[in-house]
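Please treat every number below as a calculation from the coordinates, not as lab data. Fair warning: this is a prediction, and the values are worked out from it, not measured in the lab. We place every Cβ from the backbone using ideal geometry, glycine too, and count neighbours over all the protein chains shown.
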Amino acid sequence: MISVEGLRVEFGIKPLFDGASFVINDKDRIALVGKNGAGKSTMLKILCGLQKPTAGNVSVPNDTKIGYLPQVMILQDDTTVREEAQKAFADNTRMKERLEQMNQELAERTDYESESYLALIEKYTTAHERYMMMGAENYEAEIERTLTGLGFERSDFERPTSEFSGGWRMRIELAKILLQKPDVLLLDEPTNHLDIESIQWLEQFLAQSSSAVVLVSHDRAFINNVSNRTLEISCGKVIDYKVKYDEYVVLRKERREQQLRAYENQQKEVAEMKAFIERFRYQATKAVQVQQKVKQLEKIVPIEIDEVDNSAMHLKFPPCLRSGDYPVICDEVRKDYGEHTVFDHVTLTIKRGEKVAFVGKNGEGKSTLVKCIMGEIPYTGELKVGHNIQIGYFAQNQAQLLDENLTVFQTIDNVAKGEVRLRINDILGAFMFGGEESDKKVKVLSGGERSRLAMIRLLLEPVNLLILDEPTNHLDMPSKDVLKEAIKAFDGTAIIVSHDREFLDGLVTKVYEFGGGKVREHLGGIYDFLRSKKITELNELGRDNSQRGNNKFPVKEQNVSNVAANSAQKEIPQETLVKALSYAERKEQQKRVNRVQKAVKQSEEKIEKLEQRLNELNELLMQPENASDMVMVNEYTNIKAELDAEVERWEKASEELESLMQ
């Protein structure tokens with residue numbers, strides 16, 4: 001179907017791959033694998049004709065239709081979901097117009113016996129048969145099957161695409177490609193924006209489809225269930241394994257062991273030749289043998305060993321300024337898109353230092369609330385971002401925000417400030433952009449490389465509130481692990497939107513569940529949350545939204561009084577529990593809260609002044625003429641001790657306030 005011969009691609013001195021030759025046949029389900037940056041996305045772009053190779057040929061028959069889903073896509077926002085899906089049948093519309101034109105011509109002509117009239121009848125008959133085979137106008141049912149399979153509700157079909165998150169809009173693009181029924185499907189990380197149910201549906205669709213498939217994915221289970229053949233890009237070569245992914249892993253391990261043994265034998269042979277040449281170089285009686293050994297040595301082709309991607313990102317978030325006690329406070333927040341309510345009555349408080357997760361089905365409002373916190377979209381209700389908050393935001397579409405015409409180095413150089421500019425090469429090297437990789441233009445980077453580059457930009461400035469929206473998309477497993485450890489060690493507060501339960505495990509201590517237009521707080525880690533919901537996968541969320549949606553307010557434990565504790569098994573109205581506190585008790589409680597709040601505020605103001613003076617002294621002492629000024633040194637030491645004592649007082653007061661506010 002598609003023939004690739006002698007393919008070579010160069011972006012720098014070293015080619016990305018060279019001499020690649022293979023054929024894509026009918027019914028092939030090919031997993032394209034290789035380490036990040038090996039050229040997987042580039043290969044897909046070449047196969048669909050979006051990019052030209054440096055050398056070699058890609059032969060595609062004229063009647064072969066190719067469908068391509070890239071990692072990064074410019075999306076349209078001016079239609080409804082149904083209208084956007086109907087664009088897949090643009091060929092049907094054009095063919096219908098041609099048939100109507102031919103039918104009109106047949107009705108108007110009277111030369112029934114002429115050759116041209118008979119030719120027109122034959123042309124009309126052939127086109128009409130093809131039109132009927134394409135489904136004619138009965139494609140609405142097919143659109144509904146595909147959209148519902150990818151997770152859309154029928155009530156979503158008439159909603160504007162602009163109301164959906166980036167992940168859902170990528171699903172619409174995937175639906176359009178599948179509906180076109182191409183002969184060859186090229187899918188670059190199709191599961192990044194799908195939940196488990198949609199992934200399983202896509203697996204079944206691809207298994208039943210008559211299209212050939214070439215896919216890139218970090219989802220091992222998905223590519224193993226879909227593939228019957230594996231193409232690996234390694235050491236600039238393309239190696240063809242005629243087996244599914246799991247079997248490829250075994251064969252590759254055996255292949256590498258054979259390569260290692262052959263390499264060791266070759267190195268031993270080379271060492272023996274060199275030793276012989278060195279030993280008898282100046283003996284006339286051995287001159288002929290020495291020359292033979294030299295010629296043999298020159299003819300030896302070094303054995304290459306397949307690459308193993310042991311590299312990993314070494315992330316370290318810089319120290320951050322101390323923020324207020326409550327970085328984010330929401331009170332009765334509501335967001336509507338026209339007549340559609342995304343969520344309402346959202347009341348939550350995120351404390352300093354907490355790592356929390358936003359979970360729920362796609363489209364339930366996780367990214368929308370993040371945008372509200374960022375001030376990117378309007379909302380109703382009250383939302384406060386705390387004192388001295390500096391936000392670092394990693395969005396789902398971060399890769400799309402990069403300037404494609406800049407190089408990797410220029411992208412970072414444009415945002416780096418101060419002394420950081422002297423360490424750009426070191427930073428890029430830590431993120432696997434060392435050497436000539438830093439000279440690559442953004443437009444040739446894979447989705448994973450773009451995500452890493454966007455992450456570097458985030459790390460250049462110290463922040464105390466991290467908001468990460470699906471940060472693990474396009475990252476392989478080692479990179480996910482390193483990012484997770486970096487977030488765990490982060491001093492500030494983190495809000496993480498993710499479907500990846502393994503990534504969230506051991507990272508978050510509180511979970512906010514989005515569903516049915518509500519946001520509910522759950523204390524504990526992600527597996528505590530799953531156990532409380534009696535489910536094992538995050539994709540199972542939302543199945544009982546119809547029952548949970550009847551709650552007027554988010555469910556949250558409140559230890560208001562002993563009355564509440566003794567009545568835990570009874571449905572007592574909230575108003576009754578509040579009245580259980582006497583007026584005197586509530587008044588005394590408020591006095592204690594006010595007193596501690598005042599102490600916390602005074603302590604924060606004093607800490608801010610001490611830190612400011614400490615920074616001033618630090619800058620002065622860094623100047624050579626002040627290095628031996630003992631007055632400044634003593635002042636610095638005294639202020640440092642005073643600051644440590646004040647911080648300790650602030651922490652005690654904050655803990656007391658926290659216990660009073662519970």
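Worth a mention:
- Cα-based Rg of the stretch 207-253 normalised by 2.2 N^0.38 Å, two decimals: 1.16
- Shape call, the stretch 144-240: gyration tensor on alpha carbons, a/c limit 1.5: prolate
- Each peptide among 90-96, 328-334 gets the average number of other Cβ atoms lying within 10 Å of its residues, and from highest to lowest they stand as 328-334, 90-96.
- Links that overshoot a 31 Å alpha carbon limit, given the list Lys87/Lys355; Lys237/Lys441; Lys45/Lys335: Lys87/Lys355; Lys45/Lys335
- Packing-based ranking of 344-351, 97-104, 209-216 yields 209-216, 344-351, 97-104, ordered from highest to lowest mean Cβ neighbour count within 10 Å.
- Shape of the stretch 1-92, Cα gyration tensor, a/c cut at 1.5: prolate
- Proximity of backbone amide H atoms, modeled 1.01 Å from N, is registered between Tyr68 and Leu186 at under 5 Å, excluding neighbours fewer than 5 places apart on the same chain.
- Cross-link pairs beyond the 27 Å C-alpha cut-off, checked among Lys366/Lys606; Lys443/Lys480; Lys40/Lys65: Lys366/Lys606
- Eligible aspartates and glutamates near Lys609 by straight Cα distance, threshold 15 Å, same-chain separation 8 or greater: Glu635, Glu642, Asp644, Glu646
- Cα-only Debye scattering, the stretch 239-307: base-10 log of I(q)/I(0) at q = 0.19, 0.21, 0.27 Å⁻¹: -0.77, -0.86, -1.12
- Computed from the Cα positions only, the extents of the stretch 1-48 along the three principal axes stand at 36, 21, 16 Å, in decreasing order.
- Cα centroid separation, the stretch 353-384 to the stretch 1-24: 45 Å.
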